[in-house]
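Colleague: This structure is in C-alpha cells; I'll ask about it shortly.
The values are calculated or read from the model by the stated rules, or taken from the named source; none is laboratory data. Values in this document were obtained by computation on a predicted structure and should not be read as measured data. Methodologically, a virtual Cβ is constructed for each residue, glycine included, from the backbone with ideal geometry; neighbour enumeration extends over all protein chains shown. Please note that ligands, DNA and RNA were not included when accessible areas were found on the heavy atoms of the full protein model with its side chains. Shrake-Rupley method; radii C 1.70, N 1.55, O 1.52, S 1.80 Å.
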Amino acid sequence: MRAVKTLTVGDISFEVRELTVADIRLWLQELINSAEPDLVAEALFNDISLADIPRLSSLTMAQVETMTPSELRQVIDAAKGINADFFTLRNKLIQAARVLPAAA
C-alpha cells in the first residue's frame with residue numbers, strides 16, 4: 001500500500017503520496033519527451049522541479065503557483081520523506097546527464 005501523508009501549509013490542506021513504479025516510469029517518459037523547460041520551475045529548487053510537486057501530491061499546479069518557496073519546501077521535505085527512492089533515482093539521472101555528451 002502506498003504511503004500517504006496529509007499536510008496543511010498555510011490555508012491549503014493536501015496529501016503527499018508515495019509514487020508507484022508505474023508513476024516513476026511515466027515521469028521519466030514525460031521528462032524525455034518534454035519540450036522546452038520552464039527555467040523557474042526547473043531551477044528554483046535543487047532537488048525537484050515545480051512540475052513534480054503535483055505528481056507527488058494532491059496539489060494542483062495553480063495551487064503550487066500561489067505558494068511561497070518556504071511553503072513549497074515543506075511539501076518537498078514531506079515528499080522526500082516518503083519517496084526517498086524516487087529522489088535517489090532522480091539524482092542518479094542528473095549525475096548521468098552531466099557526464100553524457102550532448103546530443104548533436
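Colleague: With the chain treated as a Gaussian network of Cα nodes joined by springs under 10 Å, which of Val16, Val64, Val75 yields the largest mean-square fluctuation?
Modeller: The residue that fluctuates most here is Val64.
Colleague: Test of understanding: what is the full-extension gain from Asp11 to Phe45, defined as 0.36 nm times their sequence separation minus their Cα-Cα distance? Please report the intermediate quantities before stating the final value.
Modeller: Details: separation 34, 0.36 × 34 = 12.24 nm, distance 2.24 nm.
Here the segment from Asp11 to Phe45 would lengthen by 10.0 nm.
Colleague: What is the distance in Å between the Cα centres of segment 25-104 and segment 1-18?
Modeller: 17
Colleague: Also: With runs of 4+ DSSP H residues as the only contributors, calculate the mean residue ellipticity of the chain at 222 nm using -39,500 (n - 2.57) per run, divided by the residue total and rounded to the nearest 500. Could you put the intermediate results ahead of the total?
Modeller: Working: 6 runs with 59 residues, N = 104.
That calculation yields -16500 deg cm²/dmol at 222 nm.
Colleague: Calculate, in nm to one decimal, what Lys80 and Ile94 gain on full extension: separation in residues at 0.36 nm each, minus their alpha carbon distance. Display every interim value, and only then the final one.
Modeller: Working: separation 14, 0.36 × 14 = 5.04 nm, distance 1.64 nm.
Result for the pair: 3.4 nm of gain on full extension.
Colleague: Between Pro69, Pro54, Pro37, which gets the highest mean-square fluctuation from a Gaussian network model of the chain, Cα cutoff 10 Å?
Modeller: Pro37
Colleague: Another one. Counting only protein heavy atoms and using a 1.4 Å probe, what share of the accessible area of the chain belongs to carbon plus sulfur, as a whole percent? Before the final figure, lay out the partial values.
Modeller: Values: 3910 of 6830 Å².
Here carbon and sulfur together make up 57 percent of the probe-accessible area.
Colleague: Further, regarding this structure: So which chymotrypsin sites (Phe, Trp or Tyr not before Pro) in segment 41-104 end up in coil per DSSP with only 11 or fewer other C-beta atoms within 10 Å? Before the final figure, lay out the partial values.
Modeller: Details: sites: Phe45, Phe86, Phe87; in loops: Phe45.
When the chymotrypsin sites (Phe, Trp or Tyr not before Pro) of segment 41-104 are filtered for loop state and at most 11 Cβ neighbours within 10 Å, nothing remains.
Colleague: What is the distance, in nm, between label points placed 7 Å from the Cα along the Cα-to-Cβ direction at Thr20 and at Thr60?
Modeller: So the label points at Thr20 and Thr60 sit 2.4 nm apart.
Colleague: Would you indicate which of (1) 0.97; (2) 1.18; (3) 0.94 is the value of Rg/Rh (Cα atoms, Kirkwood Rh) derived from the coordinates of this structure?
Modeller: (1)
Colleague: Another one. Compute the accessible area per residue over segment 1-95, keeping the other protein chains in place, probe 1.4 Å, unit Å².
Modeller: On the way: 5870 Å² over 95 residues.
The answer is 62 Å² per residue.
Colleague: Hey, can you rank 46-53, 19-26 by average C-beta count inside 10 Å, highest first? Mind dumping the intermediate values first?
Modeller: Details: 46-53: 18.1, 19-26: 13.0.
The peptides rank, most packed first, as 46-53, 19-26.
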